[in-house]
Structures are given as C-alpha cells and as structure tokens.
1. Of all residues being of a type in the set (A, V, I, L, M, F, W, C) and assigned to a strand (DSSP E or B) in the range 140-181, which is nearest to M204 (Cα to Cα)? Just the residue, please.
2. Which of the residues that make up the range 16-55 are β-branched (V, I, T) and more than 24 Å from the chain's Cα centre (by Cα)?
3. Scan the range 49-74 and report the pairs whose first residue is more than 15 Å from G322 (Cα to Cα) and whose second residue is in a loop (DSSP other than H, G, I, E, B) and polar (S, T, N, Q), with Cβ atoms within less than 6 Å and a gap of 6+ or a chain change.
4. For the range 182-195, which residues satisfy the criterion of being touching a residue at least 40 places away in the same chain (Cβ under 8 Å), surrounded by fewer than 22 Cβ atoms within 10 Å (Cβ to Cβ) and in a helix (DSSP H, G or I)?
5. If the requirement is being among the small types (G, A, S), more than 22 Å from G75 (Cα to Cα), out of contact with any Ser or Thr (no Cβ under 8 Å at 6 or more places or on another chain) and modelled with pLDDT of 90 or more, which of these qualifies: A40, A25, A6, A11?
6. Filter the range 160-179 down to residues that are at pLDDT 85 or above and closer than 16 Å to I321 by Cβ, then give me how many there are.
7. Of all the residues that make up the range 13-45, how many are over 22 Å from Y109 (Cα atoms), in a strand (DSSP E or B) and among the hydroxyl-bearing types (S, T, Y)?
8. Assess whether M104 counts as being surrounded by 24 or more Cβ atoms within 10 Å (Cβ to Cβ) and part of a helix (DSSP H, G or I).
Amino acid sequence: MLGTLARLPRATVEFANILLTTPDAAIAQTPRDVIWTHRATTLYRYRSKCREHPIPVVLVFALINRPMIFDLRPGNSFIEYLLSEGFDVFLVDWGVPGEEDADMGLAEYVLDELHWAVRETLRAAQAEELSLIGWCIGGTLCAMYCALHPGGAVRNAVLLTTPIDPSNSLYTRWVGNDEFDVDLVADSYGAVPGGGIDVANKLMKPVTNYVTTYRRLFANVLDGKDPRASYQAMAKWLADNPPFPGRAYREWITWMYRENRLVGGRMSLRDRRVQLSDVDQNLLVVTAEDDHIAPPSTTVPLLDLVASADVTHLDRPGGHIGLMAGSKAKHEIWPEIAEWLRDRSDR
C-alpha cells in the first residue's frame, strides 16, 4: 500500500502526459504510394520487396473512422503483417468528405469509387483477379460489390465484423424507428459530423468507453507498465472521425436498419438489384463474439444466402475493433486470414 501511494504522484503525471500527447502519436507508418485518386478517395499501394502471391489484396474500411486501423503502428499493423507474408497490398481510403460530397450515396461508393479502385489495382498489379478484405461497413460495401459482379475480378472476399442483417441489433432499436428522424439529420448537414456518430457508438458501451478505458490505463501506469504506444495509437485513431456524406448516411440508416433491404433482396443501386444469392466468390466471414456494433447474429445470415461454393466462417473472441487490432490479433486471427488467402491466391 505504501509503495502504491509513493508511486501515485508520478503515475498521475505520466497518465496526464499520455492523454495530452496522444495527438502526437505516429500511426500509419508503413511506406506507400498513391496509385489513383477521385474526389476524396485515394488508392494506396504499399511498398514491398517480397511479393510472392500473384493475387493482390485490397483493404476496404468503413465510411466512419479512418482506414489507418489496418496500419495502426509498427509491430501491430495488419498491413505490415500481410506484406511480410508476401502479399501485394492495396488500401482504399475514402478520405475526409466535405459538404461538397453530400451527393455521395451508396451507389457512388460501390459502383464508382470501389469499382474504379478495383480496376486501378488490377492495372497496377498487372493482375486479372484480386482479393477484397472489407471491415465493418467496408465489408458490407464489398458484399454489395461482389453481388453485382459475380464471376468478375474478385476471386476472394474476406468480410470482417460486417453488418448484413441488423434486424435484431441495438443500432436498429436506436435508429430503425420513426422516433429517429434520419431525414432531419441528413438534411441538416451536407456531411454528418463524424464526432456525433462516434459519440453514438461509444454510448452503446458507455462505461467501457468513458470509464473502464481510462481506469485500465491509469492502473497500468501505476503498476509500472508502459502502455503509451499501444494506448495512444488506438486513441488517436478512435478520435479521427471523418464526416459521413448526408446522402450515404440517409441510405445506410434507411436501407439497412429501417428496411433491411439487403437481406430481403430489395437493395438496388442505380436500378441494379443487389442479390446476395449472386455472390459466388470464395468467401471468408469473420465474426467477433463480443462485437456490439455488428454482433455475429447480424452477419451469419449471409452464410446461407450466398452461392459461393467455398465458404468459411471464423467466430473468434474479441470486439468489433479489438478482434483485428488488439494485442493478440497478430498471433491469432491474422495468421488464419493469411493462411486462408494464401491457399486461394495462386495463379
């Protein structure tokens, strides 16, 4: 007890220092090159001297938060890991939309931005096929793309903690009824502030996000551990919340959480019906047992809807982000994903 009390003043100063210097943390450090840009979207290719697999990998994150979660920090970077395994890695970065992007809807993201990113990846990699890895909303966009392009350039699709059938989710209880005026929100902002969406996400687990995280950080500092690098990288990423284009936000909330169009076969993008039964790519679906954003129950219906002959489902411990970005990820789920891709990435 006396030892703990003696360490308390110094731990308090260190705790405050970690919080105050978090914006200075260096994340997304893996060297990369710009391959293509359009509006706010950028396609990056990561530099590598050990590309072994002819099928390139394209990473697609959600429209909320930034895709740097794939490359959080040296030693804990999924991109760094894939490169070490010999994959040719590309990343779609949706950028930071502004009010001038208010007209961007789901069709623009799937039929234009993602489609052109696929085209430019194939051109840069001099390949005829590729693998898509989509996380969260990015996974849903990838599923839509695969459904609209059966037998196309996508050989493999990996969907990480992806909402497909959110009918019984907490999100649906919050935004899927008339009490939530999605039109008012979308019409009030050309681009819905990302900070507001972030607060809503955190309120799904308020004690964890607003109390437990800081209590754990202080306890680690008091115990003499050094959590600075891991805490600051994640905290900096979490605080970077780009706006959600008004049209895309309205469509996402209405079509997914109010009308559940994707599972019901009633989703159309520019008069093109999105039928999950048309998905025929090799498919890996990864769910997280403790995911409160996209619980496994919102994802697993996909397994029975697709036409894919090669379907694998991995349900693993972890949360929506921690599954892929936690300290155990590089020893557990990353090798499983890499092995699955490796077996399906030969000529």
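1. L160
2. Scanning the range 16-55 gives I18, T21.
3. H53/S345; I55/S345; P74/Q29
4. The answer is V182, D183, V185, D187, G194, G195.
5. The conditions single out A40.
6. Qualifying residue count, the range 160-179: 4.
7. Going through the range 13-45 one residue at a time, the tally reaches 0.
8. Considered against the rule, which asks whether it is surrounded by 24 or more Cβ atoms within 10 Å (Cβ to Cβ) and part of a helix (DSSP H, G or I), M104 comes out as no.
The values are calculated or read from the model by the stated rules, or taken from the named source; none is laboratory data. What you see is a predicted model, and the numbers here were worked out from it, not measured in a lab. Cβ: placed from backbone, ideal geometry, glycine included. Neighbour counts: every protein chain shown.
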